[in-house]
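Notes follow once the structure below has been shown.
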């Protein structure tokens, strides 16, 4: 298996034994150190920055490390889609964004909904190990964890002999206090309502028998497909009698951009996701195809 995992193309959930996960690996210093010190284990990095992913891949190849994997996705959806319940040995979060402003707290990595999913994927006695320079974030995380009723909570001042990350280097030189928080799972978490996605095995193209399409009715529009599910269209490209529609689908916080292809065939048109688009096959993606068909055919 290659270092980079394209989660949209693989069979899920993953089957990688002895797995530990770092959320937000940045330059990769921490996950690389773990992999070198623990060759008998496997390590998976989840990161939103494509640049960070590319840097880690180059480093893994250069150092010939065989026990590091990574992908580029929001951590919540990465855990939801990729991992079985009671599967991960330990989870690491090093200096996640504390989102200081009150109105931004729902973006924090340790909201109850996110911690619920992390806890579900964690093995019994497995740990979520958090480092932060922001004590308010630590307090927020403890409150979220207490609500799940599944963690033994241990906190303290972080004492490290050598800085692992560039932030630790900077903050220690400034004399700042660094904190640690360990959440140790001792039972299954109390249920918390949380966003979900449902994948399908394949998408079905839709055929339309029409001589003329209402393409202009589709450009720069927004449609509500379901609760918290929105489909947007943007620019449309035309080549002879075929079209490409720039699209975006938001499913309860999971975003994906892709192109819908409207292709002339025989006495009608075929509407489908472009084969050049990377898109997770969900039920709402199929609904998007159906919505495009409905608009351009006037049905």
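Which of the peptides 235-241, 256-262 is most tightly packed, and how do the rest follow, judged by the mean count of other Cβ atoms within 10 Å per residue?
256-262, 235-241
For the range 206-297, list log₁₀ I(q)/I(0) at each q in 0.10, 0.16, 0.17 Å⁻¹, using the Debye formula over Cα point scatterers of equal strength and ignoring solvent, two decimals each.
-0.23, -0.58, -0.66
If I model a spin label at residue 41 and residue 214 as a point 7 Å from the Cα along the Cα→Cβ vector, what separation in nanometres do I get?
Result for the modelled spin labels: 5.8 nm.
What full-extension length gain, to one decimal in nm, is calculated for residue 239 and residue 164 as 0.36 nm per residue of separation minus the Cα-Cα distance?
Here the answer is 21.7 nm.
Please compute the volume of the convex hull spanned by the alpha-carbon atoms of the range 65-119 and report it per residue in Å³.
That works out to 107 Å³ per residue.
Mind listing P(r) for the range 19-185? All alpha-carbon pairs, 5 Å bins, whole percents.
P(r) for the range 19-185, in whole percents per bin: 2, 8, 18, 21, 22, 17, 9, 2, 0.
Kirkwood Rh, the range 172-217, all Cα pairs: how many Å?
Across the range 172-217, the inverse of the average 1/r is 18.9 Å.
Length gain on complete extension for the stretch residue 58 to residue 182, per 0.36 nm per residue less the alpha carbon to alpha carbon distance?
41.5 nm
Hey, rough spin-label estimate for residue 154 and residue 194, points 7 angstrom out along Cα→Cβ, what's it come to in nanometres?
The answer from the label model is 2.3 nm.
To the nearest 10 degrees, how steep is helix 112-121 against the longest Cα principal axis of the chain, on a 0 to 90 scale?
On a 0 to 90 degree scale, this one is about 80.
Pull up the DSSP beta bridges for the chain and report the antiparallel fraction as a percent, rounded to 5.
Close to 70 percent.
Measuring from the lowest to the highest alpha carbon on each principal axis, how far does the range 1-77 reach, largest first, in angstroms?
Sorted from largest, the Cα extents of the range 1-77 read 29, 27, 19 Å.
Could you calculate, for the range 161-246, the ratio of the Cα radius of gyration to the Kirkwood radius, expressed as Rg to Rh?
1.28
How far apart, in nanometres, would the label points at residue 27 and residue 246 be if each is projected 7 angstrom from Cα along the Cα-to-Cβ direction?
Between residue 27 and residue 246, the simple spin-label model gives 3.5 nm.
Each value in this text was obtained by applying a stated rule to the coordinates, not by laboratory testing. Just so we're clear, the structure is a prediction, and the values are computed from it rather than from any experiment. Please note: Cβ atoms are built from the backbone with ideal geometry, for glycine as well, and neighbour counts cover all protein chains shown.
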